[in-house]
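No lab work stands behind these numbers, since they all come straight from the coordinates. Being a predicted model, the structure only gives us computed values, none of them experimental. Glycine gets a Cβ as well: all are built from the backbone with ideal geometry, and neighbour counts include every protein chain shown.
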């Protein structure tokens, strides 16, 4: 899902760059105890080449859920790039 140039702005951490690093980040998040992520799009804007998606979400974590905010910027193919900001 992520392009080799994608970036994740993780909460309380460094920027995570690239497909492999982002996959490793999400794997560690799941190993930490996140069982599910429910995202709700609040706003969607864009042009021919880019779409910006902002929203909120809930991470299902044991023992309590964590509310988040996110921003995704999608680049239209040929490469489906995305940048995610999660707080």
> Out of these labelled values of P(r) over Cα pairs in 5 Å bins from 0, in percent, [x] 3, 14, 21, 21, 16, 12, 7, 4, 2, 0; [y] 3, 14, 21, 25, 21, 10, 4, 1, 0; [z] 3, 15, 25, 23, 16, 10, 5, 2, 0, 0, which was calculated from the coordinates shown here?
Replying inline: [y]
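Which order do the peptides 61-68, 49-56 take when ranked by the mean count of other beta-carbon atoms within 10 Å per residue, highest first? Don't jump to the answer; show the numbers that get you there.
Details: 61-68: 10.9, 49-56: 14.0.
Ranking, from highest mean packing down: 49-56, 61-68.
What does the highest-first list of 26-33, 3-10 look like by mean Cβ count within 10 Å?
Numbers: 26-33: 11.5, 3-10: 16.9.
Top of the packing list down: 3-10, 26-33.
With the contact rule set at Cα under 8 Å and sequence spacing of 6 or more, what percent relative contact order holds for the chain?
Details: 175 pairs, mean separation 25.9, N = 87.
Once divided by the residue count of the chain, the mean separation gives 30 percent.
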>> Run the helix sum for the chain: -39,500 (n - 2.57) per DSSP H stretch of 4+ residues, divided by residue count, reported at 222 nm to the nearest 500 deg cm²/dmol.
In response: -5000 deg cm²/dmol
> For labels at residue 64 and residue 35 in the simple 7 Å Cα→Cβ model, what's the distance in nm?
Replying inline: 1.7 nm
